[in-house]
């Protein structure tokens, strides 16, 4: 679909503006670190409320990715959740237990998105980072930031970071990206 004023994969009215603002902030922050990896931002929403025409929405909707490219994300997220060691962690307060399990399910869906986007033919030369989702109307929306993989390989890395837990960034560039995604509502 050619981009016009209408939104076909509608999550919320300001989704285009929001994605653009995140990209501008990514350019600003990463530019201050000296990173020239051409950040790109997209939004991926999964329907959780009232049934809509699109169970998965992508902004920009005229980009190289279509909802069908990501329709295996829930299934892959369920696999990752089933394999995750934190799945069996027990919390005595029921509300904390529910919150922690929901957060883990959200993290595994973000991980599934990273895998699917990274394996897509249009993703050659890009590295993807996916933030936790935010509930917006009838969707849980993940902010996705991708950067040039070769540029990311050129940044100084923390020695020994490969053995760290999955959430630990290995460079100031990755830490900046992770923090930006954490700050996105």
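The values are calculated or read from the model by the stated rules, or taken from the named source; none is laboratory data. Because the structure is predicted, anything quoted here is derived from the model rather than measured. Because the Cβ atoms are built from the backbone with ideal geometry, glycine has one as well, and the counts that use them run over all protein chains shown.
Only one of 41, 48 is surrounded by 20 or more Cβ atoms within 10 Å (Cβ to Cβ) and either at pLDDT 95 or above or in contact with a strand residue (DSSP E or B) (Cβ under 7 Å, 6 or more places away or on another chain) (or both). Can you tell me which?
Testing whether each residue is surrounded by 20 or more Cβ atoms within 10 Å (Cβ to Cβ) and either at pLDDT 95 or above or in contact with a strand residue (DSSP E or B) (Cβ under 7 Å, 6 or more places away or on another chain) (or both) leaves just 41.
Do you know which residues across the stretch 60-79 are surrounded by 19 or more Cβ atoms within 10 Å (Cβ to Cβ) and at pLDDT below 95?
Within the stretch 60-79, 61, 77 meet the criteria.
Can you name the number of the only condition in (1) in contact with a helix residue (DSSP H, G or I) (Cβ under 9 Å, 6 or more places away or on another chain); (2) farther than 16 Å from residue 140 by Cβ; (3) surrounded by 13 or more Cβ atoms within 10 Å (Cβ to Cβ) that residue 108 fails?
Status for residue 108: all satisfied but (2).
Identify all residues within the stretch 5-38 that are in contact with a helix residue (DSSP H, G or I) (Cβ under 8 Å, 6 or more places away or on another chain) and either closer than 19 Å to residue 147 by Cα or in a helix (DSSP H, G or I) (or both); write none if there are none.
22, 25, 26, 29, 30, 33, 35, 36, 37, 38
Considering only the stretch 64-74, state which residues are without any contact (Cβ under 8 Å) to a residue 40 or more places away in the chain and either under 16 Å from residue 120 (Cβ atoms) or assigned to a loop (DSSP other than H, G, I, E, B) (or both).
Once the filter is applied, which keeps residues that are without any contact (Cβ under 8 Å) to a residue 40 or more places away in the chain and either under 16 Å from residue 120 (Cβ atoms) or assigned to a loop (DSSP other than H, G, I, E, B) (or both), the stretch 64-74 yields 66, 68, 71.
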